[in-house]
Amino acid sequence: MKRGPDKMKHRYLPMTETDKKEMLQTIGIDSVEELFSDIPEKVRFKREYDIKPALSETDLMKELSALAAMNADSLSHATFIGAGVYDHYKPVVVDHVISRSEFYTAYTPYQPELSQGELQALVSVTDVSDDYALLALQGPLAQEILSRLTDEPLEDIKFFRFREGVEIAGHPALVSRTGYTGEDGFEIYTSPESARALWTEILRAGEPDGLLPAGLGARDTLRFEAGLPLYGQELSDSVSPLEAGLGFVVKLGKEEDFIGKEALARQKEAGVPRKVAGLEMIDKGIPRTGYAVYKDGEKVGEVTTGTQSPTIGKNVGNALIRAEYANPGEELEVEVRKRRLKAKVVETPFYKRPKSQ
C-alpha cells in the first residue's frame, strides 16, 4: 500500500523497493509471493489492486469492502498484504480484512515483536447453523433412556467428550456427554428433519420413567442452581473471569500470551474489586436479575440471576457485589419492588449432583 502524506496519523508501508526489501529481511523471507504460497492458485488475485494514496482507515476499509463484494460475486478470493506499523499499532483495517471470508489474508507486521498469529491469517468461514438442530437429554436416567434407541455403547463417551456418526432410532447424529444443567446427560446434534423425529422417539422411550419436555426457563433454573454462569448475567464484557469466580480456567502462569493476560494479572495481584456471590433471602421476596443490593444503605452491587429454587425450596440468587461483602454469612439487603429486604451471603452451588449419578 502507498504511504500517505506525513500529516497522516497512521501510514502503511512499504512504499519503495528499499522498504519492501527491509521488511522481507525482517520477517525472514525472500519475496512477497512467499507470504501467499499456501493459497491455491485458482483463487489467487491475478492483478494488482490499485489503492489510492493518502487514504484514511475508514476510506481504506470502504475500498476493501468493495473488493470483497466483487470477490463474493465472482466466487474468488483476493490476497491482501498489510505492510507494517509504527509503535506496535495494529491498523483497524487489518482486523476488518481478516474478518472477511472473501479474503485470503497475510498481514506482515514491521515490528517483529508482534505475534505470529498476526503475521499470517488464512480466513474461510461457512455458516452452517441452519444445517443442524440440537436436542439435550439431561438427568440421572439420560444414558439408560438413550440406550434404548441406539446400539452405541454410551458409557464409553466420557464427560466433555463426543462421538460422531451415532445412529439413534435410525437417524445419524453427533452425541456429546455435555449439558448445561449440572446433571449427567447428552447433547444430540443432528439435521433439523431428524430432530423432529428424534424429539418424538426420545419422549416415547423415556415415558415410562417420567421424561418430560423442558424449555429454556427450566434449563436456566437448573444451570443457576448448579452454579453454572451465563453470559449476560454472571459473565459479560464488563465482568472479568476472576470476578465471576472462574479463575481456575485463567492460566496466568502459562508462558503464552493471550488477550487480557496483563490486565488479569494486575487484577489478581491487586485483588478483585467485585465478586459473584450466592444470596439467600431472609425476608420474603425473590431476588431478580438487575435488583440492587445494599449494605448499610449503600448500593454495593446487583443481582445477576435469582429465582425461587424448586430444588431446595428457597428464594436464592447470585449477585455481583463489592468483594469485601462477599463472605458467607454477610447480611445485605436486596431492593425488591422498592422495598429493601434482608438477605445473606451463602456458599454456592445451591445444588450438587450426587456422586452416584
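Which residues, counting only those in the range 166-185, are part of a strand (DSSP E or B) and closer than 20 Å to Glu225 by Cβ?
Gly185
With Gly182, Gly210, Gly165, Gly206 as the choices, which residue is buried (at least 19 other Cβ atoms within 10 Å of the Cβ) and either modelled with pLDDT of 95 or more or over 30 Å from Tyr291 (Cβ atoms) (or both)?
So the residue among Gly182, Gly210, Gly165, Gly206 that is buried (at least 19 other Cβ atoms within 10 Å of the Cβ) and either modelled with pLDDT of 95 or more or over 30 Å from Tyr291 (Cβ atoms) (or both) is Gly206.
Within the range 272-279, is even one residue under 30 Å from Phe159 (Cβ atoms), in a strand (DSSP E or B), of a type in the set (Lys, Arg) and in contact with a strand residue (DSSP E or B) (Cβ under 7 Å, 6 or more places away or on another chain)?
The answer is yes, given that some residue of the range 272-279 is under 30 Å from Phe159 (Cβ atoms), in a strand (DSSP E or B), of a type in the set (Lys, Arg) and in contact with a strand residue (DSSP E or B) (Cβ under 7 Å, 6 or more places away or on another chain).
Pick out the one residue from Ala205, Ala244 that is touching a Leu at 6+ places or on another chain (Cβ under 6 Å) and part of a helix (DSSP H, G or I).
Checking each option against the conditions leaves just Ala205.
Among the numbered conditions (1) farther than 22 Å from Ala343 by Cβ; (2) at pLDDT 95 or above; (3) among the aliphatic types (A, V, I, L, M); (4) touching a helix residue (DSSP H, G or I) at 6+ places or on another chain (Cβ under 7 Å), tell me where Leu252 comes up short.
Single failed check for Leu252: (2).
Against the definition (under 30 Å from Gly317 (Cα atoms), surrounded by 13 or more Cβ atoms within 10 Å (Cβ to Cβ) and either of a type in the set (Val, Ile, Thr) or modelled with pLDDT of 95 or more (or both)), how does Phe224 come out, yes or no?
Taking the combined requirement at face value, the residue satisfies it.
Restricting the range 208-220 to residues that are part of a helix (DSSP H, G or I) and in contact with a Leu (Cβ under 8 Å, 6 or more places away or on another chain), which is nearest to Tyr351 (Cα to Cα)?
Asp220
Could you check the range 292-352 for strands (runs of 3 or more DSSP E) lying wholly inside it with 3 or more residues that are more than 30 Å from Pro140 (Cα to Cα) and without any contact (Cβ under 8 Å) to a residue 40 or more places away in the chain?
298-308
Regarding Glu152, is this residue over 29 Å from the mean Cα position of the chain (by Cα), over 27 Å from Phe224 (Cβ atoms), in a strand (DSSP E or B) and not polar (S, T, N, Q)?
It is false that Glu152 is over 29 Å from the mean Cα position of the chain (by Cα), over 27 Å from Phe224 (Cβ atoms), in a strand (DSSP E or B) and not polar (S, T, N, Q).
Filter the range 298-322 for residues that are over 25 Å from the mean Cα position of the chain (by Cα) and of a type in the set (S, T, N, Q) and give the result.
Passing the criteria: Thr307, Gln308, Ser309, Thr311, Asn315.
If you check Thr289 against the conditions, is it under 25 Å from the mean Cα position of the chain (by Cα), surrounded by 20 or more Cβ atoms within 10 Å (Cβ to Cβ) and within 24 Å of Thr181 (Cβ to Cβ)?
no
May I ask you to list pairs of residues, at least six apart or on different chains, whose Cβ atoms are under 9 Å apart, with the first in the range 142-157 being under 15 Å from Leu174 (Cβ atoms) and the second being hydroxyl-bearing (Ser, Thr, Tyr) and surrounded by 14 or more Cβ atoms within 10 Å (Cβ to Cβ)?
Leu154/Ser147; Ile157/Ser176
The values are calculated or read from the model by the stated rules, or taken from the named source; none is laboratory data. Here the structure is a predicted model, which means the values were calculated and not measured. No Cβ is skipped: glycine too gets one built from the backbone with ideal geometry, and neighbour counts run over all protein chains shown.
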